[in-house]
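Down below is the structure, laid out as structure tokens.
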Amino acid sequence: MGKTIYYNTTNESQEQLNILTEIARNQNEKVLEIAKQLKIFSASKIFINMPLNCPISSVRRALNTLEFKDFKVKKTGGKTLGLYGKNENEYTLTEASMQ
């Protein structure tokens, strides 16, 4: 997986930032594992199948990183109803995710 970024919006210390970056990396890996099982997915579909105790915003962050930084997922153009009654983007895997 490419370079994982923790969005340090709370100005954490370098030590804490290292820990949080590793947590984000693990979340990205878990999201990608689930995505490979589902083939077509949304944040809510990943969240429902997520073995980690994390908020759905962490799943959305992971999808953003996997799409724009790692190029492992891409939007299909489709929408699906999410957990909170709002439409969500659907994603699929890219060729890069198979490597």
Name the one entry in Asn64, Asn11, Asn26 that is surrounded by fewer than 18 Cβ atoms within 10 Å (Cβ to Cβ) and under 25 Å from Gly85 (Cβ atoms). Asn64
Give me a count of the residues in the stretch 67-82 that are closer than 14 Å to Phe41 by Cα and surrounded by fewer than 14 Cβ atoms within 10 Å (Cβ to Cβ). 5
Ala96 passes all but one of the listed conditions (1) among the hydrophobic types (A, V, I, L, M, F, W, C); (2) over 14 Å from the mean Cα position of the chain (by Cα); (3) crowded, with 18+ Cβ neighbours inside 10 Å; the exception is number (3)
If I filter the stretch 49-75 down to residues being touching a Phe, Trp or Tyr at 6+ places or on another chain (Cβ under 9 Å) and part of a loop (DSSP other than H, G, I, E, B), which single residue comes out as nearest to Glu22 (Cα to Cα)? Cys54
Filter the stretch 6-48 down to residues that are outside any helix (DSSP H, G or I) and modelled with pLDDT of 95 or more and give me whichever is nearest to Thr92 (Cα to Cα). Ile40
Can you name the condition, by its number, that Gly85 falls short on among (1) among the small types (Gly, Ala, Ser); (2) free of Cβ contacts under 8 Å to residues at least 60 places away in the same chain; (3) surrounded by 13 or more Cβ atoms within 10 Å (Cβ to Cβ)? (3)
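The values are calculated or read from the model by the stated rules, or taken from the named source; none is laboratory data. Just so we're clear, the structure is a prediction, and the values are computed from it rather than from any experiment. All Cβ positions, glycine included, derive from the backbone under ideal geometry; neighbour counts span all protein chains shown.
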